[in-house]
1. Please specify each residue of the range 69-92 satisfying the condition of being touching a residue at least 40 places away in the same chain (Cβ under 8 Å) and not aliphatic (A, V, I, L, M).
2. Given the criteria surrounded by fewer than 22 Cβ atoms within 10 Å (Cβ to Cβ), among the small types (G, A, S) and at pLDDT 75 or above, does A159 qualify?
3. Please determine whether any residue of the range 126-137 is β-branched (V, I, T), over 22 Å from V88 (Cα atoms) and modelled with pLDDT of 85 or more.
4. Mind listing whichever residues of the range 27-65 are hydroxyl-bearing (S, T, Y) and buried (at least 18 other Cβ atoms within 10 Å of the Cβ)?
5. Output the helices (runs of 4 or more DSSP H) that fall wholly within the range 204-308 and possess 3 or more residues being under 14 Å from E98 (Cα atoms) and at pLDDT 85 or above, or say none.
6. Of the residues that sit in the range 66-95 and are of a type in the set (S, T, N, Q) and surrounded by fewer than 14 Cβ atoms within 10 Å (Cβ to Cβ), which one is modelled with the lowest pLDDT?
Amino acid sequence: MKMSFLSSGMMLAFAAFSSFSISDAYSKLLAGQLDPFEVAFSGGVFGFLIIPFIRKKDESYLDIFSPQRPAMWMVRAIATFVATAASVEAFMLLPMPEALSLMFLMPLFVTILSVGLLKEKVSPWAWASVILGFVGVLIVLRPGMRALHLGHLCALVAAVANAVGVIAYRLAGTNTPRLSLFGSSLFGPLVGDGLLMLGHAHWPHGLKTWFFLFGYGFLAALGQLLMMMATARAPANRVALPQYSQMLWAVAFSYFLFHQSLDGWTFVGITVVTFSGMLNWMRQRIKYEELALRERHAARYRMQGTAQ
C-alpha cells in the first residue's frame, strides 16, 4: 500500500471526525433554543443533501426504500434514531469531553455484542483496550463522589445504540446498497425524532438559530460521507485512530467556546480513555505490519525459487 494513498485516507478520517465534533458543538449551542428531538430531526432533513454524493451510477434513489434485509434496516434506523436523540441531549446537558468519554464506551459494547451475536473471537489485547477505556470513564464520572443525571444516561444510551447500529451493519452483509444503508440512518431520526418533537416543537427563529441547525445537520452528514471515502483509501484500523482527535476538539470547545472548566481527575480519565483507543490501534498496526512483512518474505522466496 502506498504511503500517499494511506495518508489521504487518514486525512479524510481526521476531516470526518472534525466535522462530527463541530456538529456536536452546534447541537450544544442550540441548548435552550430548540427541543433536542427537533435538533436531531434536522439531522435527517439536512442529511438528504449528501445523498447525490453517495449514490453510485448504477444505483437508483429507490434503493433507499428497498432494503434487502428489512429487519436489519429497521434495527439500524431505530439505533440511529436513539443514538442521535440521546447524543444531542447529552451534549446539551454535559460538557463535551464528559459526554464523549461515555460515548467512547461504544467499542466495549461492540465487543460484547460481537461475541454474543456474531460469535467473533476477541483477542486479549482488544479486551484490555475496552476494559481500560471503561476504567477511564469511571475516573471521569467518579460514581458515588459526584451526582449523575440525565445527561450521563443519555450519553451511555447513545454509546449502546451506536454499538447496536454497528452490529446491524455487519449483519446486513456486503451486498446491501450504500443508499439503503445511508437511508436507514436518515429515516430513523426523521420518523422517530419527528414524532417525539410534535408536542413541543416550534419554528426556529433568527438567522443564528438556523445557522446552528444547518451546521449540526449538514456537518454530521458530511462526516458520514468523509468516513466512507476514508475507509476506501486506508485500512479500518488506521481510519479509527483519528476518532480520538474528537476529544481534543471537545476540550478546546469546552474551554474556549462554552467556558466550562475541567478538573484534574477529568483530564486523567480522558487521557486513560484516549490511551485505550491508542492501545487497540497499536495492536492492529503491529498485526498489520506483521502480515505485510510475511507477504514480502513470501514474495521474495517465490522470486528466488523462480530464478533457480
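The values are calculated or read from the model by the stated rules, or taken from the named source; none is laboratory data. Note that this is a predicted model, so its numbers are computed, not measured. Ideal geometry is used to build each Cβ from the backbone, glycine not excepted, and the neighbour counts take in all protein chains shown.
1. If the condition is that a residue be touching a residue at least 40 places away in the same chain (Cβ under 8 Å) and not aliphatic (A, V, I, L, M), then R69, W73, R76, T80, F81, T84, S87, E89, F91 are the ones that fit.
2. Judged against the criteria, A159 is not a match.
3. Yes; the residues of the range 126-137 include at least one that is β-branched (V, I, T), over 22 Å from V88 (Cα atoms) and modelled with pLDDT of 85 or more.
4. S27, S42
5. Fully inside the range 204-308 and qualifying: 245-252.
6. Among those residues, the one meeting the criterion is S66.
Rundown of residues vs (1) more than 18 Å from G194 (Cβ to Cβ); (2) acidic (D, E); (3) at pLDDT 90 or above, yes/no style:
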residue	(1), (2), (3)
S19	yes, no, yes
D24	yes, yes, yes
S27	no, no, yes
L34	no, no, no
F48	no, no, no
R55	yes, no, no
E59	yes, yes, no
I64	no, no, no
